[in-house]
Every structure is written in structure tokens, then in C-alpha cells.
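Engineer: Questions regarding the structure given below will be posed in turn.
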Amino acid sequence: MKSSKHINDIVLKDGEVIDTFLDGKLHLIQSKSGYRFSIDAILLADFVRVKKNDVVVELGTGCGIVLLMLLKKSNIKRAVGIEIQEELASQALRNARLNSVQDRMYVITGDLRTCPLVPACADLVVCNPPYRKAKSGRINPEPQKAIARHEIMTSLEDIVRTARLIVRPKGRFALIYPAERLAHVISQLRKFQLEPKRVRVQYPTLGARAKLILMEAILGGRPGLHIEPPIVGQGEHLIL
């Protein structure tokens, strides 16, 4: 795409806009009509426990919203995003510069299934995976949205396998996924020695069935699952 505007030496391409969140503390380049982050990313960033000097890796970083929020809330040593779609990886890289965290946030354009990172390099791995099986439901005609929502380029097993490879012993892996696939999540985590330790459930309303689950697992952790208070709606304190 041709560039249409320069903001602080950062190129804003045709079809892109800059949105502002967190009372002006966070600026984000996104596509007008392509993939845009959803409340799922905010829920995940809020759920994740981040420690000082953590090395954090996000599998499928999109425009980088999760890593940017984690960098805002904690003194992370290094944040690395892996994104297969070049346009989204470009947005994430420019968003790091736009928010002045380019010295701590790095973006790799590549396939998480052949992750270029060395084993056991991360204290924390996070992911907001595609929720739907490749051949289930209507596939969005917009490629960015289709890849983000359906298991076209990767599967949950691929993601957990890579998380297992790059997280250090006793390190954490956190993800958000449909509640109806909870059993599948747990089986995949345990298949790769990632023991579920924390779970939080999101409900659209108090009378509705659960919609999403947020899960944290520890590599080589002991059995024992802590179920945290539920999220109802979007969680009032989470709204940007």
C-alpha cells in the first residue's frame, strides 16, 4: 500500500488509522476494514500476570495490542511478537515505535509453527488463538479476519507445542479461548506438560452460559487449578 501520512516519522499507510486508548497513553495503528483487535485481547492482557524483568513472547501478535498493554503495566525486560501476516507485523512494529517502546518490543514476521526463537527463552508466552476450526462456519472474505478467527494457518495444538518449546521450566503460558472448548484446551496443555493453574470465565450476562475462558498454565507445574472470580460482560474496569 502507498503511504498516505507521516506521524512523527512513522508511515501511516492507506487504509490505516491511529486510535487512542487509555486516556491518551496508548496509540494504535489499525486497519480501517481489515483485522482490528477485539475485547478478547484486552481481557487477556488484564488476566496475564507479569513480573519485573520478564521476557514475554506473544504467538500471533496482530497489531501488538497485548504486548503494548503488558509493557504499560509492568517493567518487562523484553517483549517479542511473532506474526505471520506481513501487514499486521508491520503495524505491530510501527506501534512499538509510536508508543516509544521499540527498545523493549520486537516483532518477527514468521510462522509460529517454525518459531525462530531458541528453546526455553521466555518467562511468559501469551496467545489469543483463532477460535474456529478451519472448515466450520462462514469464512470471512477478508483474509486478515479469516486467518485471525479460523484455524487456517495454525491450530491450538501447533500453538501449545510452540509455547512448550520456548517457555522456560516453570514458566507460564496464558491464552483465551471459547468456553465450550475448555476440555480441548486442558487436554492439549497437559499433552505438552503445561499444567493448568489459573482459569477465569467470562459470561455475557449473569444468566447466560459462559462465552470465554482465560487459562494460565505452568510448564512442569503441580496439579491444582485455581478458579478466579468471573467476568460479566466486558468487565467495566477493562474498558479502554
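Engineer: If you go through the range 68-84 one residue at a time, how many are assigned to a loop (DSSP other than H, G, I, E, B) and either open to solvent by less than 30 Å² (accessible area, probe 1.4 Å) or in contact with a strand residue (DSSP E or B) (Cβ under 6 Å, 6 or more places away or on another chain) (or both)?
Structural biologist: Kept after step one, since they are assigned to a loop (DSSP other than H, G, I, E, B), are these residues of the range 68-84: 74-77, 84.
When the remaining residues are screened for being either open to solvent by less than 30 Å² (accessible area, probe 1.4 Å) or in contact with a strand residue (DSSP E or B) (Cβ under 6 Å, 6 or more places away or on another chain) (or both), the result is 74, 76-77.
Going through the range 68-84 one residue at a time, the tally reaches 3.
Engineer: If we only count strands (runs of 3 or more DSSP E) wholly inside the range 1-67, which ones have 2 or more residues that are modelled with pLDDT of 95 or more and within 30 Å of Pro119 (Cα to Cα)? Don't jump to the end; show me each part of the working.
Structural biologist: On the way: elements: 3-7, 10-13, 16-21, 26-31, 55-59.
Ranges flagged: 55-59.
Engineer: In the set Gln102, Gln30, which member is open to solvent by less than 80 Å² (accessible area, probe 1.4 Å) and not hydrophobic (A, V, I, L, M, F, W, C)? Even if it seems obvious, please write down each step before you answer.
Structural biologist: Details: Gln102 fails: open to solvent by less than 80 Å² (accessible area, probe 1.4 Å).
Residue meeting the stated conditions: Gln30.
The values are calculated or read from the model by the stated rules, or taken from the named source; none is laboratory data. None of the values given here were measured: they were computed from a predicted structure. Cβ atoms come from the backbone with ideal geometry, glycine included; neighbour counts cover every protein chain shown. All accessible areas refer to the heavy atoms of the entire protein, side chains included, with ligands and DNA or RNA removed. Shrake-Rupley method; radii C 1.70, N 1.55, O 1.52, S 1.80 Å.
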